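Engineer: Can you keep this structure in mind? I'll have questions shortly.
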Amino acid sequence: MRLLMLYCSRFSYRTSVKGLENVEEVQEENTFENALVGFIHIEPEDEQKLSAIETKLVKNLKWAARKNETNRIVLHSFAHLSEKKGDPEVTKKLFNNAEERLKSAGYETAQTPFGYFLDIDVQAPGHSFARLFKEF
């Protein structure tokens, strides 16, 4: 798994192009302020250790959110951090599980539309914890 975390003073998106045929049609746009956005890439080998990957994902997101003094976390599927891509159904399940765990821990959590390319607008400050990368 690869995880790029950006603390954004403002993160906006709008659905652009459907990237997976089997997802429902969605036209959506949203804006989040003072949010940690996790750009998440699942690889095939992660599917064998999904529970451990989920735990590491949630722990890293919570840690980065605390470092950036925010309670808002956005999960974004970003299959561009490696050439190997995990199964979309497994990835979506991981996202749903992670979102539930984060909500149970008191975080305001959302997901961008899964299976879509998005038009995004990112405003991110330039401090040390605003941009973090983890691979596990």
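Engineer: Using +1 at the Cβ of each Lys and Arg and -1 at the Cβ of each Asp and Glu in the chain, identify which of TYR107, ASN96, ILE42 lies farthest towards the dipole's positive end.
Structural biologist: Selected residue: TYR107.
Engineer: Based on Cβ point charges of +1 for Lys and Arg and -1 for Asp and Glu, what charge dipole magnitude is obtained for the chain about its Cα centre, in debye rounded to the nearest 20?
Structural biologist: Magnitude of the dipole: close to 680 debye.
Engineer: Restricting attention to the alpha-carbon atoms of the chain, what are Rg (one decimal) and Dmax (integer), both in Å?
Structural biologist: Reported Rg and Dmax, both Å: 14.0, 39.
Engineer: A further question on this structure: Going down the table (LYS18/LYS134; LYS62/LYS134; LYS103/LYS134; LYS56/LYS134; LYS18/LYS59), which pairs top 20 Å between alpha carbons? If you can, show how the numbers build up before the last one.
Structural biologist: Numbers: LYS18/LYS134 27 Å; LYS62/LYS134 13 Å; LYS103/LYS134 22 Å; LYS56/LYS134 10 Å; LYS18/LYS59 30 Å.
Too far apart for the 20 Å limit: LYS18/LYS134; LYS103/LYS134; LYS18/LYS59.
Engineer: While we're looking at this one, here's another question. With r defined as the distance between the Cβ atoms of TRP63 and ASN30 and R0 fixed at 30 Å, what FRET efficiency is calculated, to the nearest 0.05?
Structural biologist: For R0 = 30 Å, the calculated efficiency reads 0.75.
Engineer: Each residue of region 13-23 in order: what ³J(HN,Hα) in whole Hz does its phi give by Karplus 6.51 cos²θ - 1.76 cosθ + 1.60, θ = phi - 60°, with x for Gly and Pro?
Structural biologist: 3J(HN,Hα) across region 13-23, in whole Hz: 9, 9, 4, 10, 10, 6, x, 10, 5, 8, 9.
Engineer: Assuming a ≥ b ≥ c are the square roots of the Cα gyration tensor eigenvalues, decide whether region 1-43 counts as rounded (a/c under 1.5), prolate (otherwise, with a/b larger than b/c) or oblate.
Structural biologist: Details: a/c = 3.66, a/b = 1.24, b/c = 2.96.
Verdict is oblate for region 1-43.
Engineer: Just check region 22-68 against the gyration tensor rule for me: Cα atoms, a ≥ b ≥ c as the square roots of the eigenvalues, rounded for a/c under 1.5, and otherwise prolate or oblate depending on whether a/b exceeds b/c.
Structural biologist: Oblate, because a/c is 1.5 or more while a/b does not exceed b/c.
Engineer: Magnitude of the Cβ-charge dipole of region 19-92, K/R +1 and D/E -1, about the Cα centre, nearest 20 debye?
Structural biologist: Details: 10 positive and 15 negative charges, 141 e Å.
For region 19-92, the charge dipole is close to 680 debye.
Engineer: Could you put THR31, THR91 in order, starting from the residue whose Cβ has the fewest other Cβ atoms within 10 Å?
Structural biologist: Values: THR31 11, THR91 23.
Lowest to highest Cβ neighbour count: THR31, THR91.
Engineer: How high is the FRET efficiency from PHE136 to VAL17, r the C-beta distance, R0 35 Å, rounded to 0.05?
Structural biologist: 0.70
Engineer: Just the number, please: percent antiparallel of the DSSP beta bridges in the chain, rounded to the nearest 5.
Structural biologist: 75
Engineer: Let me ask another. Each residue of region 101-110 in turn: what ³J(HN,Hα) in whole Hz from Karplus with 6.51, -1.76, 1.60 and θ = phi - 60°, glycine and Pro shown as x?
Structural biologist: 5, 5, 5, 4, 8, x, 8, 7, 10, 9
We did not get these values from a lab; they are worked out from the coordinates using the rules stated. The structure presented is a predicted model; accordingly, all values stated were derived computationally and were not measured. Here the Cβ is made from the backbone with ideal geometry for all residues, glycine too, and neighbour counts use every protein chain on show.
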